[in-house]
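Colleague: Structure provided below as structure tokens; questions to follow.
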Amino acid sequence: MPATLLATKRVEKPWGRHHLYPGFPDPAPDAAPIGEIWFQSPHAEEPELLVKYLFTSEKLSVQDHPNDEEAQKRGLPRGKDECWTVLTADPDSTIAMGPLQPMTKEELRRSAEDGSLEGKLNWVPVKAGDFYYAHSGLIHAIGAGVTVIEVQQNSDTTYRLFDYGRPRELHLDDGVAVADLEPYVAPPIPGEIVPGRTILVDGPKFVLERWTGGRRMIDLPAGKQGWLVPITGDGVVGGVAWKAGECVLVDGPEELHASADADLLFAYPGARRL
């Protein structure tokens, strides 16, 4: 099929919320909070990318992820680079992006064990409209009170380094081994290349673009897939109608018709080719 509307998977999390985001039904007041909504492909083969919404009411654990090389050493298909488009944020919301100062592996482990790691991280304030790229190995944590769209390599491998005393397993051996111990340096955002088309991520693991509404050709080569994520608006692509809060997997070249108010993310694996 030229385009497929992906199924949604609602994931309960202790740090999730009962009030989600326009387009998503809220869980019942007595139900478990929802922390993530995944968009799942029906294809038999494992797709290269995964798109999620995250809804936080508490800080997520301090964690990192392996790169491709470290993942394959551990028998995993790929590592995990990811990025976040911030949709909403409370006035005091923050995200931890790497250590404040360079660390040694020994200091990282010791800080994780004695609880001082949280205070050694660079907690940056966030607001709606912000964008962050988290390369594999980055020590990071999403704070409370944010709604983000996460685009990532399709891997669920997370090494938890610190969890604020919650009774969950830590993964210090692997987490310390793959950690980037230097302060975070944000990669440049290429920006708008033509009106209505802004490049947020330009490879090498994936490309992420942000589009305004209207008509355009999605010129994917045969056999390649792209993920269309409408933040606002509605439209049609490949004969499939879509609206905000959904995600469409596009196979090959297709014409996109999007309402004038549409705000869209479009992701595809590899380097820029559109």
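The values are calculated or read from the model by the stated rules, or taken from the named source; none is laboratory data. In this text the structure is predicted, and so the values were computed from the model without any measurement. Here the Cβ positions follow ideal geometry from the backbone for every residue, glycine too, while neighbour counts run over all protein chains shown.
Colleague: Just give me the residues in the range 9-19 being surrounded by 15 or more Cβ atoms within 10 Å (Cβ to Cβ) and in contact (Cβ under 8 Å) with a residue 60 or more places away in the chain, in sequence order.
Modeller: 15
Colleague: Take the residues in the range 203-219 that are charged (D, E, K, R) and surrounded by fewer than 16 Cβ atoms within 10 Å (Cβ to Cβ); name whichever of them is farthest from residue 230 (Cα to Cα).
Modeller: That would be 219.
Colleague: Give the residues of the range 174-185 that are in contact (Cβ under 8 Å) with a residue 60 or more places away in the chain and of a type outside the set (Asp, Glu), sorted by residue number.
Modeller: Hits for the range 174-185 are 175, 176, 177, 178, 179, 181, 183, 184.
Conditions tested, residue by residue: (1) surrounded by 21 or more Cβ atoms within 10 Å (Cβ to Cβ); (2) part of a loop (DSSP other than H, G, I, E, B); (3) without any contact (Cβ under 8 Å) to a residue 60 or more places away in the chain; (4) more than 24 Å from the chain's Cα centre (by Cα).
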{"position": "86", "(1), (2), (3), (4)": "no, no, no, no"}
{"position": "92", "(1), (2), (3), (4)": "no, yes, yes, no"}
{"position": "118", "(1), (2), (3), (4)": "no, no, yes, no"}
{"position": "122", "(1), (2), (3), (4)": "no, no, no, no"}
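Colleague: Looking at the range 255-272, which of the residues that are buried (at least 21 other Cβ atoms within 10 Å of the Cβ) and over 22 Å from the mean Cα position of the chain (by Cα) is farthest from residue 46 (Cα to Cα)?
Modeller: Of everything passing the filter in the range 255-272, 258 is farthest from residue 46 (Cα to Cα).
Colleague: Okay, moving on. Would you point out the residue of the range 234-274, among those that are assigned to a loop (DSSP other than H, G, I, E, B) and farther than 14 Å from residue 208 by Cβ, that is modelled with the lowest pLDDT?
Modeller: It comes out as 252.
Colleague: For the range 50-66, does any single residue satisfy the condition of being touching a residue at least 60 places away in the same chain (Cβ under 8 Å) and in a helix (DSSP H, G or I)?
Modeller: Residues of the range 50-66 touching a residue at least 60 places away in the same chain (Cβ under 8 Å): 50-66.
Next cut, in a helix (DSSP H, G or I) only: none.
For the range 50-66, residues touching a residue at least 60 places away in the same chain (Cβ under 8 Å) and in a helix (DSSP H, G or I): absent.
Colleague: While we're looking at this one, here's another question. I'd like the full set of residues that are part of a helix (DSSP H, G or I) and in contact with a strand residue (DSSP E or B) (Cβ under 7 Å, 6 or more places away or on another chain), limited to the range 163-184.
Modeller: 172, 174, 175, 178
Colleague: Take the residues in the range 30-47 that are at pLDDT 95 or above and not aliphatic (A, V, I, L, M); name whichever of them is surrounded by the fewest Cβ atoms within 10 Å (Cβ to Cβ).
Modeller: 30
Colleague: Also: Give the residues of the range 48-82 that are over 15 Å from residue 156 (Cβ atoms), under 15 Å from the mean Cα position of the chain (by Cα) and surrounded by fewer than 22 Cβ atoms within 10 Å (Cβ to Cβ), sorted by residue number.
Modeller: none
Colleague: Among (1) in a strand (DSSP E or B); (2) hydrophobic (A, V, I, L, M, F, W, C); (3) buried (at least 20 other Cβ atoms within 10 Å of the Cβ), there is one condition residue 138 misses while meeting the rest; what is its number?
Modeller: Every condition holds for residue 138 apart from (1).
Colleague: Cβ-Cβ below 6 Å, separation at least six or inter-chain, first residue in the range 218-233 and assigned by TED's automatic domain parsing to the domain that holds residue 259 and touching a residue at least 12 places away in the same chain (Cβ under 8 Å), second hydroxyl-bearing (Ser, Thr, Tyr) and assigned to a strand (DSSP E or B): which pairs?
Modeller: From residues that are assigned by TED's automatic domain parsing to the domain that holds residue 259 and touching a residue at least 12 places away in the same chain (Cβ under 8 Å), the pairs are 226/268; 233/259.
Colleague: I need the full set of residues from the range 1-49 which are assigned to a loop (DSSP other than H, G, I, E, B) and touching a Gly at 6+ places or on another chain (Cβ under 9 Å), in order please. Working first, answer last.
Modeller: Taking the range 1-49 and keeping what is assigned to a loop (DSSP other than H, G, I, E, B), we get 1-2, 6, 18-33, 41-48.
Residues satisfying the conditions are 1, 2, 21, 22, 23, 24, 27, 32, 33, 48.
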